[in-house]
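One structure below.
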Amino acid sequence: YVQNGVTKVFKGYNTKQCGWDGGDCIKFNAKYPNCSVDRPYIIGDGHCDNRIVVGVITSSSPEGQLSYEETLTGYNTAQCGWDGGDCLEFNEKYPDCNVNYPYRIGDDFCHGGIYNSEKCGWDGGDCTEFNERYPDCRASSPSDIGNGSCDEDYNNIQCGWDGGDCIHVGYPDCHVGDPSYIGNGFCGSSYNTEACGWDGGDCEVFNKNYPECSVSNPSRIGNGRCDGDDYNTEECGWDGGDCAVASYPDCNVDEPSLIGDGECDGEP
């Protein structure tokens, strides 16, 4: 921050310069002389805290723009009396479980990552049912599985095709990134399979007209624009006619609009 035109670095309230927060921190400092945390008031509040990311103001520009620095502070340490005793029971039960928010363990909600590990008691038992149902599913957010929305990261057999969220009712053997695209009126190449009902019928006309045409986006064929490359082939009907030049039926180029534009374009 800036005071009287001088930029000063904010280092906290519990300092000698600030009178140990105007005397508010004297008892705390006497009890925990080596405990250096940013929020002393949460020690002994009944919640076991471990590490908290905090933003500390480090400087300020003359224009008033503040600069922040994120730091990790530890509460569940011997210096801080194991968070003022709040973490004693937790440490006894899970001595090797080092997580940012110990109070989340056993809160009746399955958290992923390190929380759902043996050393953390499978999130204090909250993930037991999930692990029984999906023993090989490594989900960072187990609550997203079976929430009614298809998540591509969990769209695999280990996670039960996202707990069924990624299974299309009419095509149980169709496993694609987003089943909601099936039957949406646009033919998609990855959905154009027998298991997906040829994209819920969206690709039937395309397959009939261009049985040998293999492109990443079939809906671009015949859309009024010459796409060139794999689309501008005989198998794809010269992009469904988009790349054909009426006056020059044997002229196959990627940009037919350049023909007769008043400029000699020459070789590609």
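The values are calculated or read from the model by the stated rules, or taken from the named source; none is laboratory data. Owing to the predicted nature of the structure, the values given are computational and were not obtained by experimental measurement. Using ideal geometry, Cβ is built from the backbone for each residue, glycine included, and neighbour counts are taken over all protein chains shown. All accessible areas refer to the heavy atoms of the entire protein, side chains included, with ligands and DNA or RNA removed. Shrake-Rupley method; radii C 1.70, N 1.55, O 1.52, S 1.80 Å.
Consider the range 118-134. How many of its residues are open to solvent by less than 30 Å² (accessible area, probe 1.4 Å) and not in a helix (DSSP H, G or I)? Qualifying residue count, the range 118-134: 1. Within the range 180-227, being at pLDDT below 90, basic (Lys, Arg) and not in a loop (DSSP other than H, G, I, E, B) holds for one residue alone: 220.
Look at residue 173 and say whether it is over 17 Å from residue 115 (Cβ atoms), out of contact with any helix residue (DSSP H, G or I) (no Cβ under 9 Å at 6 or more places or on another chain) and open to solvent by 30 Å² or more (accessible area, probe 1.4 Å). Don't jump to the end; show me each part of the working.
On the way: over 17 Å from residue 115 (Cβ atoms): yes; out of contact with any helix residue (DSSP H, G or I) (no Cβ under 9 Å at 6 or more places or on another chain): yes; open to solvent by 30 Å² or more (accessible area, probe 1.4 Å): yes.
So residue 173 fits the description; yes.
Restricting attention to the range 135-153 and to residues that are touching a Cys at 6+ places or on another chain (Cβ under 7 Å) and either polar (S, T, N, Q) or closer than 25 Å to residue 181 by Cβ (or both), the residue that is most open to solvent (accessible area, probe 1.4 Å) turns out to be 143. If you take the residues of the range 97-117 that are surrounded by fewer than 21 Cβ atoms within 10 Å (Cβ to Cβ), part of a helix (DSSP H, G or I) and free of Cβ contacts under 8 Å to residues at least 40 places away in the same chain, which of them is nearest to the chain's Cα centre (by Cα)? Here the answer is 113. Restricted to the range 26-40, and to residues there that are part of a helix (DSSP H, G or I) and hydrophobic (A, V, I, L, M, F, W, C), the residue that is surrounded by the most Cβ atoms within 10 Å (Cβ to Cβ) is 28. Each residue in the range 228-250 was checked for being modelled with pLDDT under 80, surrounded by 12 or more Cβ atoms within 10 Å (Cβ to Cβ) and either of a type in the set (A, V, I, L, M, F, W, C) or farther than 28 Å from residue 187 by Cα (or both), and 3 of them qualify.
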